[in-house]
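Participant: What follows is a single structure, and I will ask about it in a moment.
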Amino acid sequence: MSKNRGSNQRHGYFRCSDCRQGWESSHVYVKNNGQFPEQVQFGQECGNCIKECKPYRLEKLRCSMCHQQRCVCEDKRHNEPNKGHRTDLCLKCKSGRPCVQN
């Protein structure tokens, strides 16, 4: 899904309210694309305590090559293109609608 990422996909910054662990994910999806505030469709589980969390900050995806939100590069990623996706912690994947196709 690297070339045709939906315009409703964002990069999110998370912090668990229970254990305070922080992480980032490029697999955050919003319902109301372009309207403020954007509503997150699916949260993620904390890898430390498994509490369901929603991001505290969202950004549009950026290309890892040119660092622009709108670019002409073939593969658009926010960061680390080879980093794996934790489907075991992703509530979108757990809902039966996987973020990434194997």
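The values are calculated or read from the model by the stated rules, or taken from the named source; none is laboratory data. As the structure is a prediction and not an experimental result, all values here were calculated from the model. Cβ: placed from backbone, ideal geometry, glycine included. Neighbour counts: every protein chain shown. When the accessible area is computed, the model is the full protein with side chains, heavy atoms only, and any ligands, DNA or RNA have been set aside. Shrake-Rupley method; radii C 1.70, N 1.55, O 1.52, S 1.80 Å.
Participant: When you check GLU45 against the structure, is it modelled with pLDDT of 80 or more, on the phi < 0 side of the Ramachandran plot and more than 14 Å from the chain's Cα centre (by Cα), yes or no?
Facilitator: No: the conditions fail for GLU45.
Participant: Which ones in region 26-63 are in a strand (DSSP E or B) and either without any contact (Cβ under 8 Å) to a residue 40 or more places away in the chain or over 17 Å from CYS93 (Cβ atoms) (or both)?
Facilitator: The answer is VAL28, VAL30, VAL40, GLU52, CYS53, ARG57, LEU58, GLU59, LYS60.
Participant: With respect to the numbered conditions (1) closer than 22 Å to GLN35 by Cβ; (2) open to solvent by less than 60 Å² (accessible area, probe 1.4 Å); (3) modelled with pLDDT under 75; (4) not acidic (Asp, Glu), which one is the sole condition not fulfilled by LEU61?
Facilitator: Going through the list (1) closer than 22 Å to GLN35 by Cβ; (2) open to solvent by less than 60 Å² (accessible area, probe 1.4 Å); (3) modelled with pLDDT under 75; (4) not acidic (Asp, Glu), LEU61 breaks only (3).
Participant: Take GLU74 and decide whether it is of a type in the set (Asp, Glu), modelled with pLDDT under 70 and out of contact with any strand residue (DSSP E or B) (no Cβ under 9 Å at 6 or more places or on another chain). Lay out the reasoning, then the answer.
Facilitator: Numbers: of a type in the set (Asp, Glu): yes; modelled with pLDDT under 70: yes; out of contact with any strand residue (DSSP E or B) (no Cβ under 9 Å at 6 or more places or on another chain): yes.
In short, yes.
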